[in-house]
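The values are calculated or read from the model by the stated rules, or taken from the named source; none is laboratory data. Note that the structure is a prediction, hence the values are computed from the model and not measured. Here the Cβ positions follow ideal geometry from the backbone for every residue, glycine too, while neighbour counts run over all protein chains shown.
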Amino acid sequence: MGEEYRTVRLERGQRLEAVCVLGSGLGVHVIGGSPPECKWFSLRSSPNIETEVLYSDASQQKVVKGETLWPMSKRTLVVFRMTEPSAETNDGKVTISYYGKGDTPVDKAGIYLTGIEISLDVDADRDGEVEINNPHKASWSWGPDGQGAILLVNCDKDSMFSRTVDGGDKYVLSKADLLDMSKMVLRIKGPEKLPAGYNLMLYISATDAPNLGVFYLYEKAYIHVLGKDKLFYKARYKGTGDMEFFVEGLRFPDEGFNGLVTIKASLLEKQVEGIPETPIFTDVVMFRIAPLIITPNTLEPIEVYICSVKDNFMFQKAMQSLVKDGNYQIKVCFEYVNRGDRWMQDEIEFGYIHAPHKSFPVVLDSPRDGAMKDFPVRELLGPDFGYVTKHAASSEVTSLDSFGNLEVSPPVTAGGKKYPLGRILIGSSFPTSSGRRMTKVVRDFLYAQRVQPPIELFTDWLLVGHVDEFMTFVPAPDQKGFRLLLASPATCFRILQEKKQEGHGDVSIFQALETKRLTVAKVLSTETIVHENNYVQHCIDWNRDILKKELGLTEEDIIDIPALFKLQQGQAVAFFPNMVNMVVLGKELGIPKPCGPVIKTTCCLEDYVIEQLKPLELRCTFIEEVTSYHKQLGEVHCGTNVRRKPFTIKWWEMEEP
């Protein structure tokens, strides 16, 4: 037969009873039941048992009165296997007859077997259904042909009675809560009762206990049987039938936790009262907890979020008009919730989680904890809308922990490797400096999701320090699917120089921003402006080279957007409203109105951007936000946030990251 077996010992004068799990064997040392003078033995078994003799010299066999006699040594084993589950206890029988020098048995030994089929099953083939005994259920692999079950973190709130997320509360307060969990089935085939001394147990390791929870329906209520302080559950054996369990994830992949969890089911045997039980059979299943996937600008919007504060009424009107043009939904966070905090982008980041049986959006809450800190839980967390945050000491949190400093690229291929869910982009300090950096708990969390490997850019040259201050992505109707927009002082200087040469050097510029009149010529001739923006361009070019390498981009994939900066205490802020800090809603772009030089009847900076983006079939709406956002060191993107549709690709079908 060649399968694995467990050894049991036969003692002379004792009747051996054992449980045999289908798919495994029992190896019996035949010499244990033999009289001292016997050197031969024969076998007879009931039809539901297969036998195999090991460590016996088959060439020395002999036949006596129709019985095949096997030579016996100290090593000789007989391996038994039940071929079907038992209908009743001990319905499988083996008789071993021992022979001395004569032709008749000197003694006999009886072995009684009870066959039971046990299978702990999950949706290992990822089709939404729990199949029977998948051979890959105890492992996990990536790719279109990968195998292994998936858990969602139960991070939404399905019941009004819950105070926070459902996961980890040890209660099932609504049937909707069960739909967030993955099914696990313990399948049993066997007699109505097991022989005395046998028990079924499900168990998990102490390491996995904080990461999952398991529920079971018992007397019309779902009880918490595994997770946190419960490492094992003795299941009541009821004969042939299925025991259905529901498994929830409690923790996303993170530093020190790769997202894999294991559950085991064992059949335990107790030989003598007071002596610990020992496992005689164990079945294992493995789950991978689904990562949080963050959505890039190029995915289709669903809802746009903005804040209402006392001085942004016109901004609200402009955004409502833009959203209406795109036929999307708009959600306004009013002052009784935002408490004067207008920076919707900085407080949260939208993503989603996905398993074969379920998907729902999740909001990642920044550790910045501004005045809007209650908004994600109060207004977003709910049925099929999850929540997760990472806590850091207030002394560790900097401006770089706001989520204007967290963006995602569209899908790319770089260095021969595909990134079908894009790559996370976060701002950091210059590699050789000890400047600001996104706090470690957030960085560790983002890296641990694996499916969108992060890229750290250099943003500490900026006063606020966010990646959205110098870059964004917009969709493109070609094979590439997107363009990278980069803020560019060099482009701005070139446009202004062209206008000066055309005779427009005396045209006023940035009138809404400055108390004194500035002209095109004055900007170009002011050394401080020129030197500071040459420095800024150098910093942006540093990031440009990183992005080209890490995202597999060429110069044709990049569009430069005119921008100017000024330094405050050695760090840069936007000189005029920073157009790259825009909101992207499909083909509709909400762009900060730059207050640039008006040549004839239109702003030449706006005209330039319209011309650059027109081939991409993008429509530009310029939004006036100088007082409400720009003068407070933010722009349109900083004051908005967008929940978008998920990727169509299933994350588990991508190549192993």
inquiry  = Tell me yes or no: at least one residue of the range 625-647 is more than 29 Å from the chain's Cα centre (by Cα), more than 20 Å from VAL332 (Cβ to Cβ) and part of a strand (DSSP E or B).
reply    = no
ask   = Of all residues in the range 478-516, which are in a helix (DSSP H, G or I), within 24 Å of VAL573 (Cα to Cα) and not β-branched (Val, Ile, Thr)?
value = PRO489, ALA490, CYS492, PHE493, ARG494, LEU496, GLN497
task = Filter the range 553-568 down to residues that are within 17 Å of TYR535 (Cα to Cα) and not in a strand (DSSP E or B), then give me how many there are.
result = 2
ask   = Looking at the range 169-193, which of its residues are under 20 Å from the mean Cα position of the chain (by Cα), buried (at least 20 other Cβ atoms within 10 Å of the Cβ) and touching a residue at least 60 places away in the same chain (Cβ under 8 Å)?
value = ASP180, MET181, SER182, MET184
key: Members of the range 100-157 that are within 30 Å of GLU67 (Cα to Cα) and polar (S, T, N, Q)   = THR104, THR114
request  = Please enumerate the residues belonging to the range 81-127 that are aliphatic (A, V, I, L, M) and within 30 Å of SER359 (Cα to Cα).
outcome  = LEU120, VAL122, ALA124
Of the criteria (1) under 37 Å from the mean Cα position of the chain (by Cα); (2) more than 30 Å from PRO356 (Cα to Cα), which one GLY586 fails = (2)
ask   = What is the one condition in (1) part of a strand (DSSP E or B); (2) surrounded by fewer than 19 Cβ atoms within 10 Å (Cβ to Cβ) that GLU611 does not satisfy?
value = (1)
task = Report yes if some residue within the range 260-272 is part of a loop (DSSP other than H, G, I, E, B), basic (Lys, Arg) and modelled with pLDDT under 95; otherwise report no.
result = yes
task = Could you identify the single residue in ALA393, ALA414 that is at pLDDT below 95, surrounded by fewer than 22 Cβ atoms within 10 Å (Cβ to Cβ) and among the aliphatic types (A, V, I, L, M)?
result = ALA393
ask   = Inside the range 334-383, can you point out the residues that are among the acidic types (Asp, Glu), buried (at least 19 other Cβ atoms within 10 Å of the Cβ) and either under 24 Å from the mean Cα position of the chain (by Cα) or within 30 Å of ARG288 (Cβ to Cβ) (or both)?
value = ASP346, GLU347, GLU349, ASP365
Search result, residues across the range 93-113 that are surrounded by fewer than 23 Cβ atoms within 10 Å (Cβ to Cβ), in a strand (DSSP E or B) and not aliphatic (A, V, I, L, M) = LYS93, THR95, SER97, PRO105, ASP107, LYS108, GLY110, TYR112
key: Residue identified as assigned to a loop (DSSP other than H, G, I, E, B), under 25 Å from GLY239 (Cα atoms) and of a type outside the set (Lys, Arg) among PRO47, PRO35   = PRO47
request  = For the range 586-603, name all the residues that are surrounded by fewer than 18 Cβ atoms within 10 Å (Cβ to Cβ), in contact (Cβ under 8 Å) with a residue 40 or more places away in the chain and either part of a loop (DSSP other than H, G, I, E, B) or outside the structural domain of HIS504 (by TED's automatic domain parsing) (or both).
outcome  = LYS587
query = How many residues, within the range 555-576, are of a type in the set (S, T, N, Q) and closer than 21 Å to GLU611 by Cβ?
reply = 0
